[in-house]
Amino acid sequence: MQASESIAQIVYKQPSTLAAELIAYEEQYGAHNYHPLDVVIERAAGAWVVDVDGRKYLDFLAAYSAVNQGHCHPAILKAFTEQVHKVTLTSRAFRNDQLPLLLKDLHDLTGFDMALPMNSGVEAVETALKAARKWGYTVKGIPADQAEIIVLSNNFHGRTISVVGFSSEQQYRNGFGPFTPGFRHVPMGDVEALRAAITPNTCAFFFEPIQGEAGILIPPAGYLQQVEAICRENNVLLMLDEIQSGLGRTGKLFAYQHEGISPDVVVIGKALSGGYYPVSAVLSSREVLGVFAPGDHGSTFGGNPLACAVARAALKVVVDEDLSARSATLGEYALSRLQQLKSPILKEVRGKGLWLAIELHVPARPLCEALKDRGLLCKETHDTVIRLAPPLIIEEADLAWALDQIEAVIQGYAA
Ligand SMILES: Cc1ncc(COP(=O)(O)O)c(C=O)c1O
């Protein structure tokens, strides 16, 4: 599907009877932990999705960067269907023939010694935190139960109790305490605050190299290199959450590569499966992941053969289609076009690769609704930011069309 085909036909304000019925079921029978736009997607291909009424929309969120490879990528579909007919789940009580191949692919692509596969992103985050603590006790020599991990303010690493416990966002925490101790916050970009927060019991500094949910917040140039030096001086693990920023999204395979650093631990997820299946992993050295002994950690589905076959195919697409370079080139074009916008409601436009934010002086939701009515799906983050993250396979003509819609909605905004 392409923008050039019949996109002009879209003028979509009210859901049809079928869409309204499905929305009503979801509202009645599902917990209300999300506030989705009222578009009911039935199928998708590449950067385009189609709703139950046959209307097409360009996806400018890519399932929070899980479908960097585009929806229903045929190469991943092939791997998925072939594997589904062979074996899908063995548990790690036994070995399977796909896990070793994924581990080898991850090593060859990223250079890390080892990987530990999980399913959702937050499970890999929890795994990385457990590895850091155990490394702290067994390698660094921190006294039992005293390990501390430093995190950033405005972080987002998922939704388990431990992880929301070190969020600085009140809504993520309210009503869910008591929380896991052992976390300290520092502001992003403030290296002196990091230095001051480190104690002899600090095992790790864990953060997103660009903060996604917070609104694509990019640290000042040089921050990652300074952080690396501080972590090395203090024997503190430098651990990055690249679940959203990784696998091409920012114009490099990993966002940390923009500053040429060598983190000790990197957590990946989302696009690791291209949207077919929840697959995540912790990448690290033998020294860090080697702390796990049989029985220390596990997951029934982690490293299952279906997940591994899908992840191998998804990684191959990232490489074969040079998605990082595509993201860099198209992202530069998108950023320069957005930076030319002039409007009293615009506060700031920023981005790295095809990961951009339009920060407004007004609530972003009505603009996302207006964009949806024009056939473009974006989602607000933190009330006043529109996050733009199309699949990285997007055609340049489709991107240009999307930017036209954004421009029209911002210029046409009436308070
Ligand atoms: C940086 C980051 N870490 C962790 C997560 C959690 O991933 P999941 O929703 O798969 O648990 C997300 C999800 O948006 C994320 O953006």
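For the stretch 225-237, enumerate the residues that are surrounded by fewer than 22 Cβ atoms within 10 Å (Cβ to Cβ) and either within 16 Å of the ligand (Cβ to nearest atom) or not in a loop (DSSP other than H, G, I, E, B) (or both).
Those that are surrounded by fewer than 22 Cβ atoms within 10 Å (Cβ to Cβ) and either within 16 Å of the ligand (Cβ to nearest atom) or not in a loop (DSSP other than H, G, I, E, B) (or both): GLN225, GLN226, GLU228, ALA229, ILE230, ARG232, GLU233.
Residues in the stretch 113-128: is at least one in the same structural domain as ASP264 (by TED's automatic domain parsing), more than 14 Å from GLY269 (Cβ to Cβ) and buried (at least 21 other Cβ atoms within 10 Å of the Cβ)? Give the steps one after another, and end with the answer.
Initial filter on the stretch 113-128 (in the same structural domain as ASP264 (by TED's automatic domain parsing)): 113-128.
Checking which are more than 14 Å from GLY269 (Cβ to Cβ) leaves us with 113-114.
Among the residues that remain, those that are also buried (at least 21 other Cβ atoms within 10 Å of the Cβ) are: none.
No, the conditions are met nowhere in the stretch 113-128.
Taking interchain pairs and intrachain pairs at least six residues apart, which have beta carbon atoms under 6 angstrom, with the first residue in the stretch 120-131 and more than 10 Å from the ligand (Cβ to nearest atom) and the second assigned to a helix (DSSP H, G or I)?
So the pair list comes out as ALA131/VAL288.
Condition check ((1) modelled with pLDDT of 95 or more; (2) loosely packed, with under 14 Cβ neighbours inside 10 Å; (3) farther than 22 Å from VAL291 by Cβ; (4) within 16 Å of the ligand (Cβ to nearest atom)) across all residues:
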position	(1), (2), (3), (4)
VAL191	yes, no, yes, no
PRO209	yes, no, yes, yes
PRO219	yes, no, yes, yes
GLY222	yes, yes, yes, no
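Can you find, within the stretch 51-100, the residue that is farthest from ASP373 (Cα to Cα) among those that are free of Cβ contacts under 8 Å to residues at least 12 places away in the same chain and under 26 Å from the mean Cα position of the chain (by Cα)? Talk me through it step by step, then tell me what you get.
Kept after step one, since they are free of Cβ contacts under 8 Å to residues at least 12 places away in the same chain, are these residues of the stretch 51-100: 54, 74, 81, 85, 93-95, 100.
Retained after the next criterion (residues that are under 26 Å from the mean Cα position of the chain (by Cα)): 74, 81, 100.
Values: PRO74: 29, THR81: 35, PRO100: 46 Å.
Taking the candidates together, the pick is PRO100.
Looking at the stretch 133-155, can you tell me whether even one residue there is surrounded by fewer than 20 Cβ atoms within 10 Å (Cβ to Cβ) and within 12 Å of the ligand (Cβ to nearest atom)?
Among the residues of the stretch 133-155, at least one is surrounded by fewer than 20 Cβ atoms within 10 Å (Cβ to Cβ) and within 12 Å of the ligand (Cβ to nearest atom), which makes the answer yes.
Out of curiosity, is ASP108 more than 20 Å from THR300 (Cβ to Cβ), in contact with a Lys or Arg (Cβ under 7 Å, 6 or more places away or on another chain) and modelled with pLDDT of 95 or more?
The answer is no for ASP108.
With (1) crowded, with 17+ Cβ neighbours inside 10 Å; (2) in contact with a Phe, Trp or Tyr (Cβ under 7 Å, 6 or more places away or on another chain) as the list, and LEU89 as the residue in question, which single condition is left unmet?
Every listed condition holds for LEU89 apart from (1).
Counting only residues that are under 11 Å from PRO209 (Cβ atoms) and surrounded by fewer than 24 Cβ atoms within 10 Å (Cβ to Cβ), which one in the stretch 243-255 is farthest from the ligand (Cβ to nearest atom)?
LYS252
For every residue, the table says whether it meets (1) under 22 Å from the mean Cα position of the chain (by Cα); (2) at pLDDT 95 or above; (3) not charged (D, E, K, R).
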| residue | (1), (2), (3) |
| --- | --- |
| VAL349 | yes, yes, yes |
| GLY353 | yes, yes, yes |
| LEU356 | yes, yes, yes |
| VAL362 | no, yes, yes |
| CYS368 | yes, yes, yes |
| GLY375 | no, yes, yes |
| CYS378 | yes, yes, yes |
| HIS382 | yes, no, yes |
| LEU388 | yes, yes, yes |
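Okay, residues lined up against (1) more than 24 Å from GLY70 (Cβ to Cβ); (2) of a type in the set (Lys, Arg); (3) assigned to a loop (DSSP other than H, G, I, E, B):
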site	(1), (2), (3)
PRO363	yes, no, yes
LEU367	yes, no, no
ASP383	yes, no, yes
LEU392	no, no, yes
TRP401	no, no, no
ALA414	yes, no, yes
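Residues in the stretch 157-167: is at least one more than 16 Å from the ligand (Cβ to nearest atom) and either at pLDDT 95 or above or not assigned by TED's automatic domain parsing to the domain that holds GLN244 (or both)?
Scanning the stretch 157-167, I find no residue that is more than 16 Å from the ligand (Cβ to nearest atom) and either at pLDDT 95 or above or not assigned by TED's automatic domain parsing to the domain that holds GLN244 (or both), so the answer is no.
Got a sec? Which of TYR64, TYR57 is part of a helix (DSSP H, G or I), in the same structural domain as LEU399 (by TED's automatic domain parsing) and either under 26 Å from GLU321 (Cα atoms) or away from the ligand (no atom under 16 Å from the Cβ) (or both)?
Going through TYR64, TYR57 in turn, just one is part of a helix (DSSP H, G or I), in the same structural domain as LEU399 (by TED's automatic domain parsing) and either under 26 Å from GLU321 (Cα atoms) or away from the ligand (no atom under 16 Å from the Cβ) (or both): TYR64.
The values are calculated or read from the model by the stated rules, or taken from the named source; none is laboratory data. Just so you know, these numbers come straight off a predicted model, no measurement behind them. Quick reminder, even Gly has a Cβ in these numbers, built from the backbone with ideal geometry, and neighbours come from all protein chains shown.
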